[in-house]
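Peer 1: Below is the structure I would like to discuss, written out as structure tokens.
The values are calculated or read from the model by the stated rules, or taken from the named source; none is laboratory data. For clarity, every value in this text was computed on a predicted model and none was experimentally measured. In this analysis, Cβ positions are derived from the backbone assuming ideal geometry, glycine residues included, and neighbour counts consider all displayed protein chains.
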Amino acid sequence: MSEQPNRILVVEDDRSVGRVVEVSLGLAGHDVELATDVRAGESALRTNGHSLVILDVNLPGGTGLELLRLVRQEMGRDVPVIMLSGQRQEDNIVRALEWGANDYVTKPFSPRELVARVNRWMKATGDVAPVR
């Protein structure tokens, strides 16, 4: 189980999308930390325990795939990672999954579906999502 159950890091540069994700997950009982670029995302990953990470692919200062690589290779963390991207090309989805993403959600997306996917991964890793 993670250090801080139900703490989710969302790295998303579009503030309106980030806010939708933050509010949706918050209403589902999750504690959400929002970062808007690679640098802030990397800092959050290195300093805070997270039960799950949601990464946009295109970010200021780099890519979500770089953060995914950091999570998987440098930090040795098994935390579930969901990629959230407007990139629908099969090659991009396959690359993210091959690099260790657990799931890939394309924009536009359903907030309810994203919450359901998050809850599924939390349950799979032993972090029980609170019911509200």
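Peer 1: Can we say Leu55 is closer than 20 Å to Pro108 by Cα, hydrophobic (A, V, I, L, M, F, W, C) and touching a Leu at 6+ places or on another chain (Cβ under 8 Å)?
Peer 2: On the way: closer than 20 Å to Pro108 by Cα: yes; hydrophobic (A, V, I, L, M, F, W, C): yes; touching a Leu at 6+ places or on another chain (Cβ under 8 Å): yes.
Yes; evaluated as a whole, the condition is true for this residue.
Peer 1: Taking the condition of being out of contact with any Ser or Thr (no Cβ under 9 Å at 6 or more places or on another chain) and either not hydrophobic (A, V, I, L, M, F, W, C) or not in a strand (DSSP E or B) (or both), how many residues in the stretch 53-84 meet it?
Peer 2: Matching residues across the stretch 53-84 total 16.
Peer 1: Still on this structure, please answer the following. Going by the conditions given, is Ser24 exposed (fewer than 14 other Cβ atoms within 10 Å of the Cβ), in a helix (DSSP H, G or I) and either modelled with pLDDT of 95 or more or of a type outside the set (A, V, I, L, M, F, W, C) (or both)?
Peer 2: So Ser24 fails the test.
Peer 1: Might you check whether a residue that is touching a strand residue (DSSP E or B) at 6+ places or on another chain (Cβ under 6 Å), assigned to a helix (DSSP H, G or I) and surrounded by 15 or more Cβ atoms within 10 Å (Cβ to Cβ) occurs anywhere in the stretch 92-100? I'd like the intermediate steps shown before the answer.
Peer 2: As a first pass, look at the stretch 92-100 and keep what is touching a strand residue (DSSP E or B) at 6+ places or on another chain (Cβ under 6 Å): 93, 96.
With assigned to a helix (DSSP H, G or I) added as a condition, the list becomes 93, 96.
Add one more test, that the residue is surrounded by 15 or more Cβ atoms within 10 Å (Cβ to Cβ), and what stays is 93, 96.
Yes; the residues of the stretch 92-100 include at least one that is touching a strand residue (DSSP E or B) at 6+ places or on another chain (Cβ under 6 Å), assigned to a helix (DSSP H, G or I) and surrounded by 15 or more Cβ atoms within 10 Å (Cβ to Cβ).
Peer 1: Residues in the stretch 86-101 that are closer than 17 Å to Glu12 by Cβ and modelled with pLDDT of 95 or more: how many?
Peer 2: 2
Peer 1: For the stretch 101-112, give me each residue that is within 22 Å of Glu42 (Cβ to Cβ) and in a strand (DSSP E or B).
Peer 2: Asp103, Tyr104, Val105 - these are the residues of the stretch 101-112 that are within 22 Å of Glu42 (Cβ to Cβ) and in a strand (DSSP E or B).
Peer 1: Scan the stretch 1-54 residue by residue and report those that are touching a strand residue (DSSP E or B) at 6+ places or on another chain (Cβ under 9 Å), among the polar types (S, T, N, Q) and without any contact (Cβ under 8 Å) to a residue 40 or more places away in the chain.
Peer 2: Correct list: Thr36, Ser43.
Peer 1: Another question, then. Check Gly64, Gly76 and return the single one that is surrounded by 13 or more Cβ atoms within 10 Å (Cβ to Cβ) and not polar (S, T, N, Q). Walk me through how you get there before you give the answer.
Peer 2: Details: Gly76 fails: surrounded by 13 or more Cβ atoms within 10 Å (Cβ to Cβ).
It is Gly64.
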